[in-house]
Amino acid sequence: MRAGEVSEVSQDYLKAIWSAQEWGGDPMTATELANRFGTTKANVTEVLKRLDELELIKRVPYRPPVLTAQGKAIALSMVRRHRLIETFLVESLGYGWDEVHDEAETLEHAASDLLIDRIDAFLGCPRSDPHGDPIPRSDGRVESHDSSLLLAEATAGSYLVLRVSDADPQVLSELAEAGVLPEARIEVVTTAADSVTVVVDQRRRAVKREFAAAVYLKPTAVGS
């Protein structure tokens, strides 16, 4: 079964279930799925029941749903579509990185696998999207990161920015202004209750803690 053979709702649920744990998060419960999609828990239960019948998830009473191999393949296909579309919009159409998430959420359902493969080839098979999220390959392989440390939790030291969550456009805009972008090397200087002070490109900036919670880091050796 391929992504195009299931409903858009099913595609969204499978992608959400997979994405929740990509960066070390907990599995999504029915309640969290209801909050994510702005619906009732009863509606979520019906969707999960259908996904179970299609053998795309395994349902265990009182536990979060688990993707089957087939469900994971569809989820990764949708993640691939989303991230390649975001990359195309930024690199080829001049979108800002804070403008592409909602566009990609819509376009990913309409795009065929052939179109996505053509976009991938056109862009030179990029490894990650504008926010630093790895782009799954057409065969489902996806690079995993070995760190899920948040800037909001970091102690003083040197770090490489791996990824910035694209959930909030305002956060992306503010972090771009501060130079906190994927692959940027930053120095965490001090932390306070409401902010984290960093040095990026020799500029000292105070990043609000709620913004810092969207930034994923990897420690680096000084001078590396």
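The values are calculated or read from the model by the stated rules, or taken from the named source; none is laboratory data. Please read all numbers here as calculations on a predicted model, not as lab measurements. Counting neighbours? That spans all protein chains shown, and the Cβs are built from the backbone with ideal geometry, glycine included. Please note that ligands, DNA and RNA were not included when accessible areas were found on the heavy atoms of the full protein model with its side chains. Shrake-Rupley method; radii C 1.70, N 1.55, O 1.52, S 1.80 Å.
Here is how the numbers come out for the structure above:
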{"item": "Those strands (runs of 3 or more DSSP E) lying entirely in the stretch 175-224 with at least 1 residues surrounded by 13 or more Cβ atoms within 10 Å (Cβ to Cβ) and among the charged types (D, E, K, R)", "result": "185-191, 203-208, 215-219"}
{"item": "Counted residues, the stretch 141-152 - those being modelled with pLDDT under 90 and either open to solvent by less than 30 Å² (accessible area, probe 1.4 Å) or in contact with a Cys (Cβ under 6 Å, 6 or more places away or on another chain) (or both)", "result": "1"}
{"item": "Hey, Ser77 open to solvent by 40 Å² or more (accessible area, probe 1.4 Å) and touching a residue at least 24 places away in the same chain (Cβ under 8 Å) or not", "result": "no"}
{"item": "Among (1) within 16 Å of the chain's Cα centre (by Cα); (2) open to solvent by 20 Å² or more (accessible area, probe 1.4 Å); (3) among the acidic types (Asp, Glu) - the single one Asp133 does not satisfy", "result": "(2)"}
{"item": "Hits in the stretch 1-42 - residues which are among the charged types (D, E, K, R), open to solvent by 70 Å² or more (accessible area, probe 1.4 Å) and within 18 Å of the chain's Cα centre (by Cα)", "result": "Asp26, Glu32, Arg36"}
{"item": "Residue within the stretch 43-60 that is open to solvent by 10 Å² or more (accessible area, probe 1.4 Å), under 24 Å from His145 (Cβ atoms) and not in a loop (DSSP other than H, G, I, E, B) present", "result": "no"}
{"item": "One residue from Ala167, Ala121 being aliphatic (A, V, I, L, M) and within 14 Å of the chain's Cα centre (by Cα)", "result": "Ala167"}
